[in-house]
């Protein structure tokens with residue numbers, strides 16, 4: 001099959017970017033969208049042009065490196081799927097694909113489709129952990145965790161930190177990302193001692209980065225490749241308000 | 001070169017206690033004056049950096065990804081072993097030690113493996129306290145499953161994302177130290193050379209992958225936790241960025257490389273579908289519990305599977321291994337799949353695949369039971385192949401996914417270069433010639449949380465280091481070397497892309513140094529690799545420049561190292577005239593086609609020493625002795 005690609009090309013953060021048109025004439029429907037870019041890049045390289053820079057690593061949907069907009073949707077049209085697992089059979093022969101980087105003030109573009117998501121690391125650094133120095137833990141079965149709590153914590157912990165939630169949100173809010181970690185740790189007995197402080201510190205950090213606020217639009221949940229639920233934002237707000245009221 | 005394992009002697013269960021007692025301590029007030037570099041932020045790197053930070057050292061941690069949370073440990077699915085014996089089913093530290101040593105086909109060091117089994121229980125405690133959401137029973141206790149043929153239930157798991165959850169635990173501990181200021185994180189930074197001053201590892205030279213700037217970093221000790229080298233095969237289950245560059249450049253400074261030919265092949269991966277393919281996806285081994293593996297009896301039979309009658313199917317594992325059937329170990333399952341495909345009986349468009357058929361299981365248990373057991377895996381398979389495994393048998397084929405070989409380390413995880421420590425998959429230490437399922441996560445965390453923080457301290461306390469800074473001529477020399485290599489790669493401007501070469505290199509090694517090896521195939525591979533490498537340095541084309549984000553340039557440097565490592569793998573495989581674990585030499589098999597070990601001649605660790613660009617490396621042998629477990633022949637008939 002044949003596809004027409006319009007890809008955002010931007011040499012560096014300072015330069016202005018633009019959409020560039022490419023034709024992919026020999027597309028195998030089993031290819032992933034990243035493999036499609038690989039093929040385009042091979043041709044560009046041989047022509048002496050710079051290949052399209054895009055982030056990727058595991059290519060099995062778990063590392064969270066990859067991500068871009070396809071036709072305005074973060075990670076493209078298939079639900080619960082990162083672009084590395086999105087195969088070309090979901091597109092029609094001759095279809096045009098508009099491929100753009102995550103767009104958010106907090107995620108400045110580095111080059112082409114690669115953006116800087118270090119704000120996410122700083123949010124975790126602010127308190128997205130349980131303070132337990134190595135070697136100081138009691139036996140694993142001393143802390144009993146109800147199966148239900150463990151399952152719900154795991155649902156939230158499945159976040160891969162790809163940034164699709166921010167890219168999809170009209171406010172570029174990181175509420176789903178931040179809420180997922182606050183919910184994961186707050187649902188477990190081990191996470192209780194620091195629960196309030198954690199919510200305070202993480203939300204404060206999220207506010208000092210250039211993310212917008214959450215206005216309950218729900219785009220983040222719709223595009224999340226790991227299907228993290230909006231409920232985590234409610235948990236975050238509850239913990240934050242509790243903590244703020246002392 | 002002296003290969004002294006420095007393992008203490010005495011009763012095996014006391015060795016680690018004794019070693020820890022004998023270690024020297026660093027005065028807590030002085031720790032912050034010592035800088036430790038950790039390269040890599042996977043399980044082994046993040047856990048080490050976090051723990052060293054907690055202890056008070058000044059830690060610098062490097063990763064090539066945009067965040068330490070991306071490291072490839074994140075992709076591990078199945079679980080992590082620990083000898084907790086929570087089920088009272090007969091597990092013990094000694095049994096885990098025994099299983100690991102035997103699973104490795106008696107090519108690992110007893111004291112190291114025993115220590116790994118001992119520490120396994122502490123890892124689970126630590127991870128639970130960090131908030132890793134392990135699977136639970138209804139009563140709130142930790143759940144377990146059995147794995148990889150072990151007869152006890154000792155695998156802890158977090159759905160199919162155990163690696164992800166353990167890594168996020170280590171990452172969060174690391175970020176906590178970043179917040180405290182004790183660890184400085186350098187993401188998007190690749191180590192391109194090791195700096196050795198007066199025989200001691202004193203730092204690294206890196207390239208900032210965004211600005212292209214080449215920089216020097218001085219330290220009192222360097223830890224490499226840079227993972228495995230499965231990507232030498234091009235197609236593997238490794239992440240695309242996984243590479244051997246850090247350990248390879250350390251090898252060139254004198255760190256011995258141990259057992260490079262021990263690479264593990266996983267039997268249940270989704271087969272290659274076309275020549276654009278960039279990586280292979282693993283399907284959990286647990287599928288073999290209910291799926292039956294078969295191919296048509298007749299070569300070249302291209303009928304769809306449902307039109308091949310029962311009596312024209314060959315359930316070859318059940319036929320050849322009546323007692324273990326479809327549950328034979330990874331290496332045996334992989335080799336047999338290759339054999340039937342080589343006979344022309346492979347399935348799918350490429351002929352490189354075998355069926356994994358659930359129709360009998362669905363008939364016996366019903367669709368709902370099978371969905372409950374494997375639903376997420378079936379969904380993943382369908383997403384990739386567009387075939388419904390509830391209706392059509394899955395197609396699977398083996399793929400490379402782990403390297404048991406790596407830099408040689410002693411009991412203290414120190415390489416043959418004083419001050420250079422190597423942890424996790426990057427070292428060779430604990431898995432011998434074959435790794436058991438759910439043991440990689442265990443080793444990475446054992447090294448990083450519980451071994452290295454002691455042994456690095458001991459080294460620092462015992463060692464007098466010359467006072468130098470980053471203006472030392474060795475740093476300048478290393479920087480110049482890196483800049484020269486970068487400029488050279490960009491200047492070639494040939495006619496082939498880096499991937500074009502990498503695919504061909506991978507194919508040579510897969511065909512000749514993969515599941516089956518012969519003296520002839522290995523010799524031929526060495527010749528072909530040399531030829532292709534020569535062509536690479538004449539005809540590769542790397543677009544872009546050295547002073548900004550240039551992913552082709554990053555790849556080009558890594559592939560240059562894979563060429564050299566690939567040759568060493570073949571050399572090592574050629575030298576090891578026996579079959580053991582994942583290393584199967586066709587010439588050395590029993591009458592019924594099983595691996596034939598040769599303990600009399602090959603019960604050693606093969607450690608290779610670099611001698612210069614056009615010199616043959618020198619083989620050193622660390623003899624393996626077995627005081628507690630007598631080597632036996634594995635049999636699955």
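Quick note: the coordinates plus some simple rules give every number you see, no bench work behind them. From a predicted model like this one, the values you see are computed outputs, not experimental measurements. So basically every Cβ, Gly included, is an ideal-geometry build from the backbone, and we count neighbours across all protein chains shown.
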Checklist entry - Can you give me the relative contact order of segment A:129-242 as a percent, contacts being Cα pairs under 8 Å and 6 or more apart? => result 35
Checklist outcome for this item: A correct Stokes-Einstein calculation for segment B:348-390, using the alpha-carbon Kirkwood radius, 10 °C and 1.306 mPa s, returns a whole-number D in µm² s⁻¹ of 141
Next on the checklist: Taking 8 Å as the Cα distance limit and 6 or more residues as the minimum spacing, I'd like the relative contact order of segment A:1-156 as a percentage.
Outcome noted: 25
Checklist entry - By per-residue mean of other Cβ atoms within 10 Å, what is the highest-first order of B:14-20, B:159-165, B:462-468? => result B:159-165, B:14-20, B:462-468
Checklist entry - Using mean Cβ contacts within 10 Å as the protection proxy, how do B:236-249, B:131-144 order, highest first? => result B:236-249, B:131-144
Item to check | Sequence-separation-based contact order of segment B:215-302, relative, with Cα cut under 8 Å and 6+ spacing, percent | outcome: 24
Item to check | For chain B, calculated [θ]222 nm from helices alone, where every DSSP H run of n ≥ 4 adds -39500 (n - 2.57) | outcome: -11000 deg cm²/dmol
Checklist entry - Of all DSSP beta bridges located in the protein assembly as shown, what percent are antiparallel, nearest 5? => result 70
Checklist entry - If R0 is 30 Å, what FRET efficiency do you get for residue A:243 and residue A:171 from their C-beta distance, rounded to 0.05? => result 0.85
Checklist outcome for this item: For chain B, the Cα gyration tensor yields equivalent-ellipsoid semi-axes (√(5λ), largest first, whole Å) of 38, 29, 24
Checklist entry - Considering only DSSP beta bridges with both partners in chain A, what is the antiparallel share in %, to the nearest 5? => result 75
Checklist entry - Between rounded, prolate and oblate, where does segment A:31-99 land on the alpha carbon gyration tensor, with a ≥ b ≥ c its root eigenvalues, rounded for a/c under 1.5, else prolate if a/b exceeds b/c? => result oblate
Next on the checklist: Apply the a/c threshold of 1.5 to the C-alpha gyration tensor of segment B:567-637 and tell me whether it is rounded, prolate or oblate.
Outcome noted: oblate
Checklist entry - Averaged over peptide B:155-162, how many Cβ atoms belonging to another chain are found within 10 Å of each residue's Cβ? => result 2
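Stick to the Cα atoms of segment B:1-135, pair each with every other, and give me the Kirkwood hydrodynamic radius in Å at one decimal.
Details: mean 1/r = 0.0566 Å⁻¹.
Result for segment B:1-135 stands at 17.7 Å.
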Item to check | Cα-based equivalent ellipsoid of segment B:100-148: semi-axis lengths in Å, sorted from largest, via gyration tensor | outcome: 28, 14, 7
Checklist outcome for this item: The Cα radius of gyration of segment B:509-637, divided by 2.2 N^0.38 Å with N its residue count, comes to 1.35
Checklist outcome for this item: Dividing the alpha-carbon radius of gyration of chain A by 2.2 N^0.38 Å, where N counts its residues, gives 1.13
Item to check | Spread of Cα-to-Cα distances over 5 Å intervals beginning at zero, given as percent, for segment A:139-230 | outcome: 3, 15, 22, 22, 19, 11, 5, 3, 1, 0
Item to check | the protein assembly as shown: C-alpha gyration tensor shape, a/c 1.5 cut-off, then a/b vs b/c | outcome: rounded
Checklist outcome for this item: Label model pair residue B:625, residue B:30: point-to-point distance (7 angstrom along the Cα→beta-carbon line) in nm is 3.5
Item to check | Rounded to 5, percent antiparallel among DSSP beta bridges of chain B | outcome: 70
Checklist outcome for this item: One would report the Cα pair-distance distribution of segment B:434-511, bin width 10 Å, in %, as 12, 17, 22, 30, 18, 0
Next on the checklist: Given the -39500 (n - 2.57) contribution per DSSP H run of 4+ residues, what per-residue ellipticity at 222 nm results for chain A, rounded to the nearest 500 deg cm²/dmol?
Outcome noted: -10000 deg cm²/dmol
Checklist outcome for this item: Per residue of B:164-175, other chain Cβ atoms within 10 Å number on average 5
Checklist entry - What residues of segment B:255-297 lie in the reach of a label at residue B:315, counting those whose backbone N is under 12 Å from a point 7 Å from the Cα along Cα→Cβ? => result B:290-295
Item to check | Point-to-point label distance, residue B:211-residue B:462, nm (Cα→Cβ direction, 7 Å offset) | outcome: 3.9
Next on the checklist: How far apart, in nanometres, would the label points at residue B:487 and residue A:197 be if each is projected 7 angstrom from Cα along the Cα-to-Cβ direction?
Outcome noted: 5.3
Item to check | Residue-averaged beta-carbon neighbours from other chains (10 angstrom radius) around A:143-154 | outcome: 6
Item to check | Stokes-Einstein translational diffusion, segment B:382-503 - Kirkwood Rh over all Cα pairs, 1.306 mPa s, 10 °C, in µm²/s | outcome: 82
Item to check | Per-q log10 I(q)/I(0), segment B:282-353, q = 0.13, 0.28 Å⁻¹ (Debye; single scatterer per alpha-carbon; no solvent) | outcome: -0.37, -1.41
Next on the checklist: Quick check: convex hull over the Cα atoms of segment B:475-524, volume per residue in Å³, rounded to an integer?
Outcome noted: 127
Checklist entry - Sorted by mean Cβ packing within 10 Å, highest first, what order do the peptides B:477-486, B:184-193, B:105-114 take? => result B:105-114, B:184-193, B:477-486
Checklist entry - Can you give the angle from 0 to 90° between the axis of helix B:43-55 and the longest principal axis of chain B, with both taken from C-alpha atoms, to the nearest 10? => result 30
